[in-house]
Each structure stands twice: as structure tokens, then as C-alpha cells.
Amino acid sequence: MVKDIKMMAEKANTTITEIEGSILIASTNNRTMNATNTIQISEYLQYLVQSNIDEQAFQVQRMLANKLDHYKERGNKYVDNNI
């Protein structure tokens, strides 16, 4: 899941970089409008990436907690004391 998160963040960064490039190419007359639209899209993409990362982190925590519960109370005091 961590690899997926990193790959998703890299894709988002690439997309944001491409969007910034389109601002630089835009004509003078349309630059303000394009910049505003691009910034809104960029902010939306960042929100999506962050919300997805939060959800995946929660899923990883849930899986870890379930795995730890599986090993708890099996007669191993070291494990029980450290869970």
C-alpha cells in the first residue's frame, strides 16, 4: 500500500507539473483565466491525493491492528506486553 501511495503522489506531482507548464505556454490574454483554472484543478488534485493517502493509512492501521490482535494472548508474555 505504501508503494501505491508513493506512486499516486508521484503521478499527482507529474500532473501538477504539467499543469504549471500549460500556464507558461498560455497566451497573455488567457493567462489569468488559465492560471485560475489550473490552480483550482491543482488544489483539487492535492485534496484528492491527501484524502486517498489518509484512507489508505487508516486501512494499513486497521490491518496491523487485526494482525496484532491475532497474536495477542497466545501465551507469549513478550508479545502481550508489547502489543
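The values are calculated or read from the model by the stated rules, or taken from the named source; none is laboratory data. Values in this document were obtained by computation on a predicted structure and should not be read as measured data. For neighbour counting, all protein chains shown are included, and Cβ atoms are generated from backbone atoms with ideal geometry for every residue, glycine included.
Let's see how each residue does on (1) modelled with pLDDT of 75 or more; (2) hydroxyl-bearing (S, T, Y); (3) surrounded by 11 or more Cβ atoms within 10 Å (Cβ to Cβ); (4) touching a Phe, Trp or Tyr at 6+ places or on another chain (Cβ under 7 Å):
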| residue | (1), (2), (3), (4) |
| --- | --- |
| N13 | yes, no, yes, no |
| I16 | yes, no, yes, no |
| S27 | no, yes, no, no |
| Q40 | yes, no, no, no |
| M63 | yes, no, yes, no |
State which residue pairs qualify: first residue of a type in the set (D, E) and inside the stretch 42-71, second residue surrounded by 10 or more Cβ atoms within 10 Å (Cβ to Cβ) in any location, beta carbons under 9 Å apart, and separation of 6 or more residues or different chains. D69/I83
Within the bounds of the stretch 65-76, is there any residue that is in a helix (DSSP H, G or I), surrounded by 12 or more Cβ atoms within 10 Å (Cβ to Cβ) and modelled with pLDDT of 75 or more? yes
